Amino acid sequence: MAACGRVQLLLLLLLLLSLCLLTVQALKPLPGFGNVHLPAAAMHQQFRAALPNPGNNAAAAAASSGSRRPTGWKLAEEQACRDDVTRLCPKHSWTNNLSVLECLQDKKEVSSTSNDDDLLWNYKLNLTTDPKFESVALEVCTSTMLEVSLLRRHNILKYIHYFSDSKWLGSFTDLHSQGEVIACLERALVREAEQKDKAHQIKDECKKAIMRVAELSADDFHLDRYLYFSCRDDRERFCEHVRVGEGRVYKCLFNHKFEEAMSEKCRNALTTRQKLIAQDYKVSYSLAKACKADLRKYHCNPDTSMPRAREARLSFLLLCLESAVHRGRTVTGDCQGEMLDYRRMLMEDFSLSPEIVLHCRGEIEAHCSGLHRKGRTLHCLMRVTRGDKGTVDNLCQTALQTLIQSADPGADYRIDRALNEACESVIQTACKHIRSGDPMILSCLMEHLYTEKMVQDCEHSLLELQYFISRDWKLDPILYRKCQNDASRLCYTPGWNESSELMPPGAVFSCLYRHAYRTEEQGRRLTRDCKVEVQRILHQRALDVKLDPELQKRCMTDLGKWCSEKTDTGQELECLQDHLEELVSNCRDVVGNLTELESEDIQIEALLIRACEAVIQSHCHDVADNQIDMGNLLECLVQNKHQREMNDKCAVGVTHFQLVQMKDFRFSYKFKMACKEDVLKLCPNIKKKADVVICLSTTVRNDTLQDVKDQRVSLKCRKQLRVEELEMSEDIRLEPELHDACKKDINKFCSSVAYGNAQIIECLKENKKQLSQVCHQKIFKLQETEMMDPELDYQLMRVCKQMIKRFCTESDAKNMLQCLKLNKNSELMDPKCKQMITKRQITQNTDYRLNPVLRKACKADIPKFCQSILGKASDANELEGQVISCLKLKYADQITRLCAEEAAAQEQTGQVEECLKNNLLKIKQDECKTEVLNMLKESKADIFVDPVLHTACALDLKHHCAAINPGRGRQMSCLMEALQDKQVRLQPECKRRLQDRVDMWSYAAKVAPAEGFSDLAVQVMTSPSKNYILFMIALAVSLLFLVGLLCGRITKRVTRELKDR
């Protein structure tokens, strides 16, 4: 093999010698060559004929005797070379002319003797005309020589023709310079691909010849004379112990190309070599050899009948073999190792991709100058493409995307040297449990994006790479492998894995995630493994809006218009959701689809899930662990929004999503699935969630009031509707109409009150009399709804949560307030809950319409006795208790029992009234005294009207009056009889309170003005001076009668004539 390598070296040297010589001679034909182009078969026959055999030895000797030196002639013994050989070459090589030639060639720049140069030149020229040389070469390297078509004479003549072109010779005057012409042509070849100006194009045949020469020198770096002399010192410095052959020295030098100690001349020569490899992978001996079988196996070999085109490019080879690996096909380890090296090489030096040099020149000069090493320029261009530093041309972006596809850093993060160095510390801490080089490293890094473990440089490099990976789903090898069958089955892309041109890369992933959340009824779902991977990618994309190519493409204008200042993490998508109605239709559709997807699986919102980790672990871990979310986790977070584990970030995120849901009922997944049929039937053309909830709840209420047997809203929808109504009651912003109507009042009266926990609504209730008419009307309607359904009263249910569990577990939700009122004075009642109940009773006392029980019980009596008050009623203003006062004061004995009970129930703790009753004599204002007297009168109707007396006599009522129905004063009469009965023992407090009431009633009877004849008669008959009053009345009547008799005769006299008639 060493002999063959030496022969190859000499063959190439002789070829270069011949090319240079014949170029200068301007196509003058060499002796014996002529201008005849022999066919390949004839040339092969000449090679075979040159092999030594007994029949042609004499002829060969005769043909060559004139040109060969005498047998035993030694190059080392020539006077011109003796000093150089002695000084430069080892002694054991002096007897071998080829060894001396190789030694002097390798030390060419050290030699300074012109005679030595002439001698070597003539010696090499004689070798080219010696037929024995071809015979020996074919004998030593039979298989190799048959494959090397470059040595065929007809091809040599073609190469001589093109290499004689004066455009490419330039100023080369040293005909003995080793490889300068070839190096010049190679640089011209790579420069042509990097320039738009094609004025001096190299012809295809010449290109093929240049690449063939580079291919022949791929085995041993000595064969590339220009690179050898440029990198001789660097080889000794970096690759001293690397054995020559099979491209090992090239690879070693490539790995050290960006070292500080590397000479600039060598670095440039290596870059030219790498660019040639990028154009034709066969220029890399090790890659072509290691992947030869795999290329043939997966049909990646170029068509030899066609000119070298894209199939010969390194990028095509990498894409073809990477596709096989991603599909689970077997590629040899040696080939994968070589692919890894060259993928890393492409990512390290952008200049190896001519398309980037050609199309990204402006961006590099403007933003990325001076960053040529270790992939920094490439990442700078990626940052510009993301929009972080400016704008980028479409051709440049396409070139970058193509490079990322070829290098495929998603399969192994180590391919991206800049990313590897930036994220090394993060990988060592956060991802140390993952094997080095595993594709999941990138996913691990994305999971820790925007966390305390992430460093800034890693964050930038990671997002820059993910920007391109997100635009071609095949760049994620795990997703590619898990979902290839689903893509073929669901996305109508047969053969997508053999060609990347059948469907735009972004369209495939869009198709996959549309199928990821389909129900069984909808059919055609993803497999479980594929769905997990799709969810993983969606979680990553939620971290940055730029990682969603479809969203960024359609919403570019709206992002600039509405969200230019929203640049923090996650703010851009939130901004788009906030301005959903103002977005252009294309952007609105994609944002709406994404929001709808998030409502089903809120874990897509990775930032929100991180912020809510504590509350999820404490209250929602059971639903968070489910593979299929179905909206349960978001519902759990909403229900636990005010737990102590809930932090501000989580609360704000959950509230934001609730507000977004109000824009479209489809954004509430569980509500949509439960009620979509009812919405289509009962609320068509209604889109906003708040309007849909009002429409459905109104339908449910009307059916309930009318006692409809078959309700129009389905049972599952009614259950979910209740959940939505309860959630909306927590924050006024979740009721857009109410919030819009009261914005000015909120700023005026509740500016210091925080949203949430229904605090704003409670504040507006407390300032109801000062509100604007529109807001006042909305608050009154809200209170009316809450009183009819106390479960919608968020503050009441929150403050009295424990008391409801204690006292009202068996009560219906709509009777919750009534139950709390009955237990308000219990010793076990929580003071805060008691205070809240009192507030609601005060509210009910302002208008009978806010007391649904009273309203229902007295629906016949109110129009009958209080019609004059009802005529003045309006929706915007309360009746200020006029109807209730009407019922209690004037008609307490006439209204039905239940109505009387409810009217009497409009009391508070009773302590204030008790104070007023005890100090009745001291009250000077007539209006106040009249009201207190009225309270005393009303208390006779039922003991419920007197809370102090009712509390004191609760046990006695239970023991002595349990069988007596309340109302019409029956229970009060029972207690009075027990008070007078000396055999009955009442509680001391009850007995004292009853005696006080007797005294109060007696005094009230004396001072209270009679409001009618019946009241006057009652006062007379109950007065201690009854007899005197009756006597005086009788005396007055008698006197009136007598006066009438007497005065009547006097005033009307009759004449005698009339009497006598």
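Find out how many positive minus negative residues lie around Leu573, taking Lys and Arg as positive, Asp and Glu as negative, among other residues whose Cβ is under 11 Å from that of Leu573. Cβ neighbours under 11 Å give a net charge of -4. Within the shell defined by Cβ-Cβ distances under 12 Å, the residues around Asn586 carry a net charge of 0, with Lys and Arg each +1 and Asp and Glu each -1.
Here the simple spin-label model places points 7 Å from the Cα toward Cβ, and for Glu582 and Glu240 these points are separated by 7.0 nm. Computed from backbone phi with θ = phi - 60° and the Karplus coefficients 6.51, -1.76 and 1.60, the 3J(HN,Hα) list for segment 970-982 is 5, 5, 5, 4, 4, 5, 5, 5, 5, 5, 7, 7, 6 Hz; x is used for glycine and proline.
From the Cα gyration tensor of segment 736-873, with a ≥ b ≥ c the square roots of its eigenvalues, which class applies: rounded if a/c is under 1.5, or else prolate if a/b is larger than b/c, or else oblate? Oblate, because a/c is 1.5 or more while a/b does not exceed b/c. Take 75-83, 724-732 and order them by the average number of nearby Cβ atoms within 10 Å per residue, most first; the result is 724-732, 75-83.
A full extension of the chain between Met440 and Asp740 corresponds to an added length of 103.2 nm, given 0.36 nm per residue minus the alpha carbon distance.
The orientation-averaged projected area of the convex hull spanned by the Cα atoms of segment 800-847 comes to 3.2 nm². Local charge for Pro549 was computed over the other residues whose Cβ lies under 13 Å away, with Lys and Arg +1 and Asp and Glu -1, and equals +2. In this structure, Arg528 and His200 have a Cβ-Cβ separation that, at R0 = 45 Å, corresponds to a calculated FRET efficiency of about 0.15. Accessible surface for segment 230-368, divided over its residues, is 44 Å² per residue with a 1.4 Å probe. Accessible surface for segment 616-732, divided over its residues, is 50 Å² per residue with a 1.4 Å probe.
Counting only protein heavy atoms and a probe of 1.4 Å, the accessible surface of segment 697-832 is 47% carbon and sulfur.
The modelled label-to-label distance between Cys184 and Ala80, using points 7 Å beyond Cα along the C-beta direction, is 2.4 nm.
Pairs of Cα atoms in segment 381-442 fall into 10 Å distance bins, from 0 up to the last occupied one, in shares of 21, 40, 30, 10, 0 percent. Legend: calculated FRET efficiency, Ser868 to Leu1045, from the Cβ-Cβ distance at R0 = 35 Å, rounded to 0.05, equals 0.15.
When peptides 267-273, 740-746, 829-835 are ranked by their average number of other Cβ atoms within 10 Å per residue, the highest-first order is 267-273, 740-746, 829-835. Modelled spin labels at Asn815 and Gln983, positioned 7 Å past Cα toward Cβ, are 3.8 nm from each other. Rg and Dmax of segment 338-496, both derived from C-alpha coordinates alone, stand at 15.9, 48 Å. The alpha-carbon atoms of segment 702-789 define a convex hull whose volume equals 102 cubic angstrom per residue.
Between the beta carbons of Arg514 and Lys769, assuming R0 = 51 Å, the FRET efficiency works out to 0.40 to the nearest 0.05. For the peptides 380-389, 798-807, the ranking by packing is 380-389, 798-807, with the highest mean count of neighbouring Cβ atoms within 10 Å listed first. With only the Cα atoms considered, segment 605-676 has a convex hull volume of 86 Å³ per residue. Straightening the chain between Asn255 and Asn647 buys 136.1 nm, computed as 0.36 nm per residue apart minus the Cα-Cα spacing.
The values are calculated or read from the model by the stated rules, or taken from the named source; none is laboratory data. Fair warning: this is a prediction, and the values are worked out from it, not measured in the lab. Virtual Cβ from ideal backbone geometry, glycine too; neighbours counted across all protein chains shown. These area figures cover heavy atoms from the full protein model, side chains too; ligands, DNA and RNA do not enter into them. Shrake-Rupley method; radii C 1.70, N 1.55, O 1.52, S 1.80 Å.
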